[in-house]
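Presented below is the structure to which this report refers.
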Amino acid sequence: MESRKRFERAGLLVPRWHLLERSESKALGVVIEQMGFPLVIKPTNQGSSIGVSIATTSTELHEAIQQAARYDARILVEEFIPGREVTVGVLGQEALPVIEIRPSHPFFDYTAKYTPGQTEYIVPALLDEMASHRIQV
């Protein structure tokens with residue numbers, strides 16, 4: 001959460017989000033009204049996409065919150081931003097080539113990350129030179 005706040009203070013674009021305490025189910029109506037579906041639900045203190053879900057309905061949202069609550073009392077609800085997933089490694093001060101990540105799952109979840117054959121990595125990503133440069137800086 002702290003990194004997200006720092007990104008916002010630095011003027012970087014981040015998805016709209018709401019921090020939800022496990023007991024705050026009353027706030028869900030406001031969150032849905034403000035952001036709509038789909039929503040990304042995640043525990044605040046996990047990595048590797050553990051406990052992360054994408055909800056497209058109220059029923060899925062409640063299930064996703066229960067799943068995330070297994071890992072943390074604080075749950076991050078954020079708007080879903082559709083698009084291609086890319087990453088760039090940094091070695092010292094040098095940005096490495098852009099890699100496109102194409103999981104066989106709806107998103108790059110734990111299984112897609114750690115099960116051989118579940119994700120295709122395109123290196124370098126099939127992007128024009130300007131897009132690649134913007135991602136690397």
- If you go through the range 108-125 one residue at a time, do you hit one that is in contact (Cβ under 8 Å) with a residue 24 or more places away in the chain and open to solvent by 100 Å² or more (accessible area, probe 1.4 Å)? yes
- Item | Some residue of the range 87-104 being at pLDDT 95 or above, closer than 22 Å to LYS5 by Cα and of a type outside the set (A, V, I, L, M, F, W, C) | yes
- Among the residues of the range 1-35, the number that are under 10 Å from GLU78 (Cα atoms) and assigned to a loop (DSSP other than H, G, I, E, B) is 3
- Conditions (1) open to solvent by 60 Å² or more (accessible area, probe 1.4 Å); (2) without any contact (Cβ under 8 Å) to a residue 60 or more places away in the chain; (3) not aromatic (Phe, Trp, Tyr); number of the one not met by ILE99: (1)
- Query: When residues of the range 36-67 are filtered for being part of a helix (DSSP H, G or I) and of a type outside the set (Val, Ile, Thr), how many remain?
  - Reply: 8
- Go through the residues of the range 90-104 one by one and say whether even a single one is of a type in the set (Val, Ile, Thr) and not in a strand (DSSP E or B). no
- Of all residues in the range 105-123, which are at pLDDT 95 or above and touching a helix residue (DSSP H, G or I) at 6+ places or on another chain (Cβ under 9 Å)? GLN118, THR119
- Enumeration of residues in the range 48-79 that are among the polar types (S, T, N, Q), open to solvent by less than 30 Å² (accessible area, probe 1.4 Å), within 13 Å of PRO38 (Cβ to Cβ) and in contact (Cβ under 8 Å) with a residue 24 or more places away in the chain: none
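The values are calculated or read from the model by the stated rules, or taken from the named source; none is laboratory data. Computed from a prediction, not measured in an experiment: that's the story for all the values here. FYI the Cβ positions are ideal-geometry reconstructions off the backbone, even for glycines, and counts take in every protein chain you see. Ligands, DNA and RNA are stripped out before the accessible areas are found, and what is left, the full protein with its side chains, is counted by its heavy atoms. Shrake-Rupley method; radii C 1.70, N 1.55, O 1.52, S 1.80 Å.
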